[in-house]
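Data block below; observations after.
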Amino acid sequence: MEKKNSALTYAEIYGQADSFAAINATLPAIQETLDKVFSEQYDELIFTGCGTSLYLAQTSAHIFSEFNDIPARAVCCSELYFFPRVYVKPGRKVLILPITRKSYTTEVRMAIDKVRSLPEVKTLAITCDADSRLYNDAYILSPETAEDSVIMTRSFTSMVYLATVLSLHVAGKKAELESLAAYPDHARRLLKATDDLARTIVAEHPELNLYITLGQGEYYGVANECMNKMKEMGIANSEAYFSLEYRHGPMSLVDENTLLVTLAHPETMKEDAALLTQMNSYGGVTVAIGEGVTEAMPDAAYHLELGCGYDAACSAALIGLIGQFLGYYIAEKKGIDADNPRHLTQAIVLNDK
């Protein structure tokens, strides 16, 4: 596991299993907070964040909607700040869920301060920073995920995991919550398997110059985060789409220098398989990740079986590990230090605010 290139980022990637275990160890406190927050009735939930945390919000809103009847959606913090009345309508009780690794990200603070001034709004932070309590009504915490690296890796997956726990708990899904006890072990296995796969792909296809991640449902936000990791670490030309949207124009770019990674959702497997077969015919290098993909998507050049037995919602924090490792190995191939990504910092702080 030890790496000389971008060693801090690589170590953080492998710290994800420990983050899941730490959350599991604090589940009673998390559930107590959720019981207090959801003792009230809400007309809508709005998950919000910036960058990686926005993609996290997209996945979280879908997972919550999967299990609960309360409408939920994802909105970026800048939209909430500039247009709060568009998203928070008078007479509706709304719970805003800011998602943030660091509590001092300016846009998050701006957005939350703005919407909390509106009537019938409360906030519940999903965070890796206990200081989020200073400007929210409540928070749930990933307790061992301070994350020293600039690139968000274990913070992303740990907060997806927190959002999954939240969604299952509010829905009363006790059996599903109990099944998450094995999550750290699944993570350790999949970290090694995904690492091996990403290293192999980059080594066997050094000519790749366009990286596409595809996903439907809760996997769309994860696909966006895979795109982001390859941009941030590898300064790579990467894109993400809803799987079937890729045919509507973007596939014109596919050639033998294109990698297409499908995060295969159980409900879209047949259609995803047909899409990958078509992309193969254009010369693209195809990858299928999910449960049962080896049999369901035989034309993919590479397969990675999750092997966890979870549904799509509970798999969301694990299926996107491929984006982190691809970003790492693309950076290594180019001689880029992902520990010091170009133009980036841990949190965006606007000096004029």
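If you go through the stretch 137-164 and keep only what is open to solvent by 10 Å² or more (accessible area, probe 1.4 Å) and of a type outside the set (G, A, S), you end up with D137, Y139, L141, P143, E144, D148, V150, M152, R154. Here E232 meets each of (1) out of contact with any helix residue (DSSP H, G or I) (no Cβ under 7 Å at 6 or more places or on another chain); (2) more than 15 Å from V261 (Cβ to Cβ) with one exception, condition (1).
So, E204, is that one open to solvent by 40 Å² or more (accessible area, probe 1.4 Å), at pLDDT 95 or above and either out of contact with any strand residue (DSSP E or B) (no Cβ under 9 Å at 6 or more places or on another chain) or not basic (K, R) (or both) or not? Let's see the steps before the verdict.
Details: open to solvent by 40 Å² or more (accessible area, probe 1.4 Å): yes; at pLDDT 95 or above: yes; either out of contact with any strand residue (DSSP E or B) (no Cβ under 9 Å at 6 or more places or on another chain) or not basic (K, R) (or both): yes.
So E204 fits the description; yes.
Among the residues here, V94 does not qualify as more than 22 Å from K231 (Cα to Cα), touching a helix residue (DSSP H, G or I) at 6+ places or on another chain (Cβ under 9 Å) and surrounded by fewer than 18 Cβ atoms within 10 Å (Cβ to Cβ).
Where in the stretch 79-188 are there strands (runs of 3 or more DSSP E), lying fully within it, with 1 or more residues that are among the aromatic types (F, W, Y)? Step through it out loud before you land on a result.
Values: elements: 94-100, 121-127, 138-141.
It comes to 138-141.
Criterion applied to M233, M227, M279 was being in a helix (DSSP H, G or I), out of contact with any strand residue (DSSP E or B) (no Cβ under 7 Å at 6 or more places or on another chain) and surrounded by 15 or more Cβ atoms within 10 Å (Cβ to Cβ), and the one residue passing it is M233.
For the stretch 282-307, filtered to residues that are of a type outside the set (D, E) and assigned to a helix (DSSP H, G or I), the residue that is surrounded by the most Cβ atoms within 10 Å (Cβ to Cβ) is V293. Exactly one residue out of D299, D272 is within 23 Å of E207 (Cα to Cα) and in contact with a helix residue (DSSP H, G or I) (Cβ under 8 Å, 6 or more places away or on another chain): that is D299. In this structure, L260 qualifies as buried (at least 21 other Cβ atoms within 10 Å of the Cβ) and either of a type outside the set (S, T, Y) or out of contact with any helix residue (DSSP H, G or I) (no Cβ under 9 Å at 6 or more places or on another chain) (or both). Pairs linking a residue in the stretch 169-184 that is β-branched (V, I, T) to a residue that is not in a helix (DSSP H, G or I), with Cβ atoms under 9 Å and 6 or more positions apart or on different chains, are V170/F38; V170/N68; V170/I70. Within the stretch 310-344, if we keep just the residues that are in a loop (DSSP other than H, G, I, E, B) and of a type in the set (G, A, S), the residue that is modelled with the lowest pLDDT turns out to be A338.
Only one of these is in a helix (DSSP H, G or I), of a type outside the set (S, T, N, Q) and either touching an Asp or Glu at 6+ places or on another chain (Cβ under 8 Å) or farther than 27 Å from M227 by Cα (or both): Y55, Y42, Y10. Name it. Let's see the steps before the verdict.
On the way: Y42 fails: in a helix (DSSP H, G or I); Y10 fails: either touching an Asp or Glu at 6+ places or on another chain (Cβ under 8 Å) or farther than 27 Å from M227 by Cα (or both).
It is Y55.
Scanning the stretch 64-94 for residues that are within 30 Å of C314 (Cβ to Cβ) and among the polar types (S, T, N, Q) turns up S65, N68. Check the stretch 32-39 and report whether any residue there is within 24 Å of R154 (Cα to Cα), in contact (Cβ under 8 Å) with a residue 40 or more places away in the chain, among the hydroxyl-bearing types (S, T, Y) and touching a strand residue (DSSP E or B) at 6+ places or on another chain (Cβ under 6 Å). Yes, the stretch 32-39 contains a residue that is within 24 Å of R154 (Cα to Cα), in contact (Cβ under 8 Å) with a residue 40 or more places away in the chain, among the hydroxyl-bearing types (S, T, Y) and touching a strand residue (DSSP E or B) at 6+ places or on another chain (Cβ under 6 Å). The residues of the stretch 1-54 that are farther than 30 Å from P84 by Cα, among the small types (G, A, S) and open to solvent by less than 30 Å² (accessible area, probe 1.4 Å), listed by number, are S6, G15, A17, S19, A22.
The values are calculated or read from the model by the stated rules, or taken from the named source; none is laboratory data. Small disclaimer: the values here were computed from a predicted structure and weren't measured. With ideal geometry, Cβ positions are generated from the backbone for all residues, glycine too; neighbour counts draw on all protein chains shown. Surface areas here come from the heavy atoms of the whole protein model, side chains and all, with no ligands, DNA or RNA. Shrake-Rupley method; radii C 1.70, N 1.55, O 1.52, S 1.80 Å.
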